[in-house]
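Enquirer: Take a look at the following structure, please.
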Amino acid sequence: MTILMIGAGQAALTTAEKYRALGGDDEVILLGDELYLPYQRPPLSKAYLAGDMALERLYLRPPEWFEKNNISIRPGCLVETIDRAGKTVGLHDGEILGYDKLVLATGSRARPLPEKLTKSAEGIYTLRSLKDIDTMRDEFKPGRRLVVVGGGYIGLEAAAIARKLGLEATVVEAAPRILGRVASAETADFIRDMHLAHGAKIHEGTGLASFEISGHRVTAAILSDETRIEVDFVIAGIGILANTELAEAAGLDCDEGILVNEQCRTNDPDIYACGDCTRFEYEGERIRLESVGNAIDQGEVVAANLAGQETSYNPKPWFWSDQYDMTLQIAGLNMGYDNTIVRQGAREGTQSVWYYKSDTLLAVDSLGDPRTYMIAKRILDAGKNVPKAIASDPEANLKDWL
């Protein structure tokens with residue numbers, strides 16, 4: 001049997017590695033459109049951008065690992081078509097490869113700013129891939145002026161690195177506040193105050209109206225309130241788009257992601273999908289989880305099913321974001337919350353935010369408080385609940401609720 005995997009990121013690598021660990025000995029081929037071995041994405045906007053991590057440390061596995069585990073990997077290999085009837089894929093150079101089972105781990109891409117705004121000007125970047133970082137790295141020099149469009153985690157991480165390296169950084173968020181889609185007002189307030197204390201500027205409830213361009217390069221950003229900000233370069237952090245084009249062209253069910261069931265199967269029983277590109281049922285709603293944790297967990301489920309074990313995906317979401325010297329750690333998914341509790345951390349200047357739907361705990365944001373995160377994650381993973389009176393009391397022993 002031949003197992004083809006389209007994509008060579010965290011999800012595909014996890015699938016291949018777990019399949020071998022489960023005793024699967026069929027041919028496994030990873031087809032990656034980037035020119036690199038599988039690498040970590042989270043450090044791109046953190047340690048790698050700051051120059052604190054070498055390229056070799058980004059790689060998830062060294063080159064010899066693939067040979068040792070009899071896994072073929074083909075970087076720089078662009079798949080253009082999937083023929084489900086013939087069970088083949090067509091590559092950009094005309095080569096045709098057959099498969100018995102196909103795994104789509106096509107990931108996602110950064111959502112670009114509209115062309116009517118950018119006019120293809122130089123100095124405007126997205127932050128998603130290793131190539132993106134290497135392309136913009138020379139921009140990060142002390143004294144230069146950066147505008148970040150979008151007040152989500154990626155944009156805020158970029159702003160934090162810019163300030164750390166001595167640049168001027170301004171975040172522009174069209175929504176009423178930063179982190180509006182993903183975090184509570186309490187978490188946003190904490191992070192906003194931290195950025196302001198480090199000298200960053202934040203414009204909320206203000207959109208980007210236009211750019212001034214001189215000599216094919218961006219020189220200023222004009223906001224919807226007519227504020228003019230002189231810039232040396234711009235980073236767009238306005239979300240990501242699932243890479244579904246191949247799946248859609250092959251007739252697979254897609255809806256803002258490749259639709260999969262609890263076994264991570266598509267509507268074709270011989271095609272699985274995992275990672276950022278997928279959308280699945282969770283608590284009665286279709287969602288996408290854009291995280292390392294989801295890529296790993298779904299990859300392991302796909303591997304188990306490829307190895308003949310009927311395994312279902314039971315999401316246990318977790319996320320993190322490093323900004324300045326503070327790490328935000330998130331356990332659970334705050335979808336549908338209607339009230340929050342703030343718990344002061346053991347150290348000054350730290351806290352956690354507990355999300356509830358009525359009296360049921362859904363998720364916890366830990367802001368510089370890793371011990372609370374670890375306990376909260378165990379509580380949520382175990383399906384336990386914590387009364388709000390306990391969550392709000394920093395003297396209460398959370399371990400009692402395990």
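Enquirer: Rounded to the nearest 0.05, what FRET efficiency is calculated for residue 358 and residue 120 with R0 set to 41 Å and r the Cβ-Cβ distance?
Expert: Details: r = 50 Å, r/R0 = 1.22.
With a Förster radius of 41 Å, E is 0.25.
Enquirer: Where Rh denotes the Kirkwood radius from the mean inverse Cα pair distance, what is Rg over Rh for region 112-236? Display every interim value, and only then the final one.
Expert: On the way: Rg = 13.7 Å, Rh = 14.6 Å.
Looking at region 112-236, the ratio lands at 0.94.
Enquirer: Still on this structure, I have one more. Sorted from fewest to most neighbouring beta carbons within 10 Å, what does the list 203, 92 look like?
Expert: Working: 203 21, 92 12.
With the sparsest Cβ surroundings first, the list reads 92, 203.
Enquirer: Compute the relative contact order of region 70-197 as a whole-number percentage, counting only Cα pairs closer than 8 Å that sit 6 or more residues apart in sequence.
Expert: Details: 115 pairs, mean separation 16.4, N = 128.
Answer for region 70-197 is 13 percent.
Enquirer: Another one. Between residue 78 and residue 35, what length in nm is gained on full extension when 0.36 nm per residue of separation is reduced by their alpha carbon distance?
Expert: Details: separation 43, 0.36 × 43 = 15.48 nm, distance 1.03 nm.
Extra length from residue 78 to residue 35 when fully extended: 14.5 nm.
Enquirer: Report relative contact order for region 273-372 in percent, whole number only (criteria: Cα-Cα under 8 Å, sequence separation at least 6). Walk me through the intermediate numbers first.
Expert: Values: 166 pairs, mean separation 18.2, N = 100.
Relative contact order for region 273-372 comes out at 18 percent.
Enquirer: For region 39-69 and region 223-299, what is the separation of their C-alpha centers, rounded to whole Å?
Expert: Using only Cα atoms to place each centre, the spacing works out to 23 Å.
Enquirer: A further question on this structure: How big is the antiparallel share of DSSP beta bridges in region 112-236, given as a percent to the nearest 5?
Expert: Approximately 35 percent, going by the DSSP bridge assignments.
Enquirer: Assuming 0.36 nm per residue, please report the length gained on full extension of the stretch residue 214 to residue 261 beyond their Cα-Cα distance.
Expert: Details: separation 47, 0.36 × 47 = 16.92 nm, distance 5.04 nm.
Value of the extension gain: 11.9 nm.
Enquirer: Can you tell me what share of the DSSP beta bridges in the chain is antiparallel? A percent to the nearest 5 is fine.
Expert: Numbers: 49 of 84 bridges.
In the chain, approximately 60 percent of DSSP beta bridges are antiparallel ones.
Enquirer: Still on this model: Could you work out how much longer the chain between residue 100 and residue 177 gets when fully extended? Use 0.36 nm per residue separation minus the Cα distance between them, nm to one decimal. Mind dumping the intermediate values first?
Expert: On the way: separation 77, 0.36 × 77 = 27.72 nm, distance 4.85 nm.
Length difference between fully extended and current span is 22.9 nm.
Enquirer: Hey, another quick one. In which sequence would 355, 373 go, from the one with the fewest C-beta neighbours within 10 Å to the one with the most? Spell out each step's value before the answer.
Expert: On the way: 355 26, 373 22.
Neighbour counts put them in this order, fewest first: 373, 355.
Enquirer: Out of all DSSP beta bridges in region 23-99, what portion is antiparallel? Express it as a percent rounded to 5. Working shown, then result.
Expert: On the way: 8 of 12 bridges.
Antiparallel bridges: around 65 percent, rounded to the nearest 5.
Enquirer: How long is region 325-401 along each principal axis, judged by its Cα atoms, biggest number first, in Å?
Expert: 31, 24, 21
Enquirer: Under the definition of Cα pairs under 8 Å and six or more residues apart, what whole-number percent is the relative contact order of the chain? Could the numbers behind the result be given before it?
Expert: Numbers: 872 pairs, mean separation 57.6, N = 402.
So the answer I get is 14 percent.
Enquirer: Related question: Hey, any idea what Rg/Rh is for the chain, computing Rh the Kirkwood way over Cα pairs? Please report the intermediate quantities before stating the final value.
Expert: Numbers: Rg = 22.2 Å, Rh = 22.6 Å.
Rg/Rh: 0.98.
Enquirer: Could you give the nm distance between label points at residue 385 and residue 228, where each point is 7 Å from its Cα heading toward the beta carbon?
Expert: 5.8
Here, each number is a calculation from the coordinates, and none is a lab measurement. If you're wondering where the values come from, they're calculated on a predicted model, not measured in any experiment. We place every Cβ from the backbone using ideal geometry, glycine too, and count neighbours over all the protein chains shown.
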